[in-house]
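Structure, as structure tokens:
The values are calculated or read from the model by the stated rules, or taken from the named source; none is laboratory data. Remember, it's a predicted structure, so these values are computed and weren't measured experimentally. Here Cβ is always computed from backbone atoms with ideal geometry, including for glycine, and neighbour counts include all displayed protein chains. To get the accessible areas, we keep the full protein, side chains included, count just its heavy atoms, and leave off ligands, DNA and RNA. Shrake-Rupley method; radii C 1.70, N 1.55, O 1.52, S 1.80 Å.
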Amino acid sequence: MASTTSGTAEGWKAKLNKALQEKNFFTDLLQKIEDKTGVRRMYIVIALAAFLGIYLMVGYGAQFVCNFVGFLYPAYASVKAIESSQKEDDTQWLTYWVVYSFFALVEFFADIFLFWIPFYWFLKCVFLVWCMAPIASNGSQMIYHRLIKPIVLKYQNKIDDAIDKAADRLQEATNMSALTNFLNFPCEVFGIAKQKVGDFAEDIGRGAANDAIRKRMADATKDE
């Protein structure tokens, strides 16, 4: 049992060390810290993780920090996966985002209960790190294949039918709105034209009346 635990720890250590040797912004920053302090980057990361864990338990803004951790690296890794020619990394991070969205939906409706869980943001951060961990059976893979995938496959036809019906209703509403606007357009044009003609006739009538008044006043002046 002890040898198994030791082997698992060594495996995690080797995977972490391999990940920290990759070339990216974070490892470049670790390299600078390692050169200045003489402390191995693995111990720096472990110290940062310990500080982050304590902060998530007692620090201010733990919710923001937790959500930031659960979004920042996966978003960065997803962009790299999109730009790469491999398919495996696309599937890996797409699975993570499906689980992330599912968890966010559950969290929204269960918020009133989750509020009472001690150190909730620390536990959520650990859960998200487990979901993005670079291992074959991480949290995303387990939750997706054991929970989300069976539910979706079971109700897939009903979900597709509901989506198709909603799209048809939206299309009908859009067509009806376009038809109504098309039919109302001549009426609107006719109403504007009628108003303009009326205004024009009114101006003509007012001008004719003014001319008649001026003519009568001129005739009266001549008579005098």
### Query
Within the group Phe127, Phe122, Phe113, Phe103, which residue is open to solvent by 60 Å² or more (accessible area, probe 1.4 Å) and in a helix (DSSP H, G or I)?
Phe113
### Query
Listed residues Ile163, Ile159, Ile143, Ile148; which is in a helix (DSSP H, G or I), β-branched (Val, Ile, Thr), farther than 30 Å from Thr27 by Cβ and in contact with a helix residue (DSSP H, G or I) (Cβ under 7 Å, 6 or more places away or on another chain)?
Ile148
### Message
Let me spell it out: the conditions are (1) loosely packed, with under 12 Cβ neighbours inside 10 Å; (2) at pLDDT below 70, and Val58 meets all of them except one. Which number is the exception?
### Response
(2)
### Task
Would you be able to say whether some residue in the range 42-55 is of a type in the set (A, V, I, L, M, F, W, C), in a helix (DSSP H, G or I), open to solvent by 60 Å² or more (accessible area, probe 1.4 Å) and within 30 Å of Lys149 (Cα to Cα)?
no
### Query
Does the range 91-105 contain any residue that is of a type in the set (Gly, Ala, Ser) and either in contact with a Leu (Cβ under 6 Å, 6 or more places away or on another chain) or at pLDDT below 85 (or both)?
no
### Query
Scanning the range 62-79 for residues that are open to solvent by 70 Å² or more (accessible area, probe 1.4 Å) and more than 19 Å from Ala136 (Cβ to Cβ), which turns out modelled with the lowest pLDDT?
Gln63
### Message
Whether any residue in the range 81-98 is closer than 26 Å to Val152 by Cα, open to solvent by less than 70 Å² (accessible area, probe 1.4 Å) and not in a helix (DSSP H, G or I) is what I want to check.
### Response
no
### Query
Which residue pairs have Cβ atoms closer than 8 Å, lie 6 or more positions apart in sequence or on different chains, and pair a first residue in the range 118-136 that is at positive phi with a second residue that is open to solvent by less than 40 Å² (accessible area, probe 1.4 Å) and in a helix (DSSP H, G or I)?
Phe119/Leu56
### Task
Test Tyr120 against the stated conditions and say whether it is hydroxyl-bearing (Ser, Thr, Tyr) and in contact with a Gly (Cβ under 9 Å, 6 or more places away or on another chain).
no
